[in-house]
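Q: Before I ask anything, let me first share the structure, which is written out below as structure tokens.
The values are calculated or read from the model by the stated rules, or taken from the named source; none is laboratory data. If you're wondering where the values come from, they're calculated on a predicted model, not measured in any experiment. Neighbour counts are summed over all protein chains in view; Cβ atoms, including those assigned to glycine, are modelled from backbone coordinates with ideal geometry. Ligands, DNA and RNA are stripped out before the accessible areas are found, and what is left, the full protein with its side chains, is counted by its heavy atoms. Shrake-Rupley method; radii C 1.70, N 1.55, O 1.52, S 1.80 Å.
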Amino acid sequence: MFAQSPYDLIIIGAGPIGLACGIAAHKKGLNYLIVEKGVLVNTIYRYPENMTFFSTSKLLEIGRVPFVSHTDKPTRKEALEYYRRVQDTWKLRLKLYTQVQKMTPKDGGYEIETDKGNAFAKAVIVSTGFYDVARTLGVPGEDLPKVKHFYDSPHPYVDQKILVVGAANSACDVALETYYKNAEVTMAIRGEGLYEKTKYWIKPNIENRIKEGSIKAYFNTTVKEITPSTVILNTPDGKVILENDFVLAMIGYQPDYTLIEKLGLPVTDDETRTPIHNEETLETPLERVYVAGVIAAGMRTSKLFIENTREHGDMIIDDLITKL
């Protein structure tokens with residue numbers, strides 16, 4: 001299953017930064033492989049179908065492949081096609097639908113165990129992002145089928161009573177999209193207002209919908225319990241029980257710390273739970289094991305993005321070739 005093993009380098013994760021690492025390895029002539037548990041740029045594929053990026057297409061470019069979009073802010077569909085073209089242009093070596101399960105130091109390198117067999121590599125880059133593990137509410141009833149932590153399309157919520165939990169971009173997007181499909185939308189917001197950095201083209205719209213009462217918003221409010229037909233809120237005025245068909249918990253995501261532990265990567269013991277690494281080389285305390293992309297920020301998921309981690313591949317490979 002891994003015909004070219006042993007490898008100089010295995011890259012875990014085929015998101016934009018994983019691809020950028022592959023391009024950097026390709027340019028230096030390394031024998032590398034990118035291993036991905038899902039599809040190419042799996043995180044972007046899982047984004048809502050109508051999503052528009054906050055970044056411009058120029059800031060999402062990698063590998064000197066131009067990203068041409070219909071407007072300044074590209075869509076999910078355009079991004080999927082762009083990164084497919086990047087992979088095709090550079091003929092990047094991929095193994096998709098392959099779940100990494102464990103990493104073990106061995107013979108001066110690392111044995112990578114996957115559900116499709118094992119491979120050996122002298123070096124490893126972990127570029128797994130943070131979108132696959134949702135933050136949870138931690139309340140009774142959260143495991144009910146009607147509770148969703150990932151959002152795709154507004155269509156399932158036509159004429160439904162929904163609660164959107166959250167106050168940032170995703171929550172505001174979801175509230176507006178479902179409202180325009182005739183859903184009865186209520187928002188539960190933990191703070192006193194919407195997230196101050198909500199996209200400038202969304203914030204006035206959602207604020208106006210709340211002001212006119214089209215979307216009901218409870219501020220300084222948390223979810224207490226979810227039942228098959230209701231949701232119970234803790235509000236400043238006491239407990240509120242709402243009839244409810246769906247709860248869309250748009251409260252963010254976090255790195256896959258279960259995988260990080262299986263890979264043996266040490267993390268800080270503070271609330272950021274950041275994978276420990278050298279800021280200049282991105283190497284972890286494990287020799288020739290690196291982190292790349294947004295995973296390098298740990299729980300500070302609003303610190304790093306595609307546009308400010310695109311150089312991670314070159315940073316890592318420039319360091320790695322001095323150690324192989």
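Q: How about LYS216: which lysines have a C-alpha closer than 22 Å to its C-alpha, ignoring those fewer than 8 places off in the same chain?
A: Reachable lysines: LYS146, LYS148, LYS161, LYS181, LYS197, LYS199, LYS203, LYS224, LYS239.
Q: Further, regarding this structure: Using helices alone, I'd like the mean residue ellipticity at 222 nm for the chain: each DSSP H run of four-plus residues gives -39500 (n - 2.57), total over residue count, nearest 500.
A: Numbers: 7 runs with 69 residues, N = 324.
Mean residue ellipticity at 222 nm (helix-derived): -6000 deg cm²/dmol.
Q: Can you list residues from other chains, or at least 5 along the same chain, whose modelled amide H is less than 5 Å from the amide H of VAL133?
A: GLN254
Q: Per residue, how much accessible area does the chain show when a 1.4 Å probe rolls over the protein heavy atoms, in square angstrom? Show your work: numbers first, answer last.
A: Working: 15530 Å² over 324 residues.
That works out to 48 Å² for each residue.
Q: State which stretch of the chain is the longest one without any exposed GluC sites (Glu not before Pro), exposure meaning a DSSP loop state and at most 14 other Cβ atoms within 10 Å.
A: Free of exposed loop sites, the longest segment is 50-191.
Q: How high is the FRET efficiency between ARG85 and THR272 when r is their beta carbon distance and R₀ equals 51 Å, given to the nearest 0.05?
A: About 0.90, to the nearest 0.05.
Q: Mind checking the dipole of the chain: about its Cα centre, +1 per Lys or Arg Cβ, -1 per Asp or Glu Cβ, Debye to the nearest 20?
A: On the way: 39 positive and 42 negative charges, 124 e Å.
The calculated dipole for the chain is roughly 600 debye.
Q: What FRET efficiency would be calculated for the residue pair LYS262, TYR97, taking the C-beta separation as r and a Förster radius of 22 Å, to the nearest 0.05?
A: Efficiency, from the Cβ-Cβ distance: 0.75.
Q: Could you list the chymotrypsin sites (Phe, Trp or Tyr not before Pro) in segment 1-87 that lie in coil according to DSSP, counting only those with at most 15 other Cβ atoms within 10 Å of their Cβ?
A: Answer in residue order: PHE54.
Q: Probe radius 1.4 Å, ligands and nucleic acids ignored: give me the carbon and sulfur share of the accessible area of the chain as a rounded percent.
A: Details: 7620 of 15530 Å².
That fraction is 49 percent.
Q: Can you tell me how much longer the chain between ASP143 and VAL65 gets when fully stretched, taken as 0.36 nm per residue apart minus their C-alpha distance, in nm with one decimal?
A: Between ASP143 and VAL65, full extension yields 23.8 nm more.
Q: Would you mind computing Rg(Cα) / (2.2 N^0.38 Å) for segment 66-127, counting N as its residues?
A: Compactness ratio reported: 1.58.
Q: Next question, about the same structure. Which entry in (i) 25, 46, 23, 5, 1; (ii) 34, 57, 9; (iii) 30, 51, 18, 0 is this structure's computed P(r) over Cα pairs in 20 Å bins from 0, in percent?
A: Matching entry in (i) 25, 46, 23, 5, 1; (ii) 34, 57, 9; (iii) 30, 51, 18, 0: (iii).
Q: Here's something else I'd like to know. Place a +1 charge on the Cβ of each Lys and Arg in segment 166-324 and a -1 charge on the Cβ of each Asp and Glu, then give the dipole magnitude about the Cα centre in debye, rounded to the nearest 20.
A: 540
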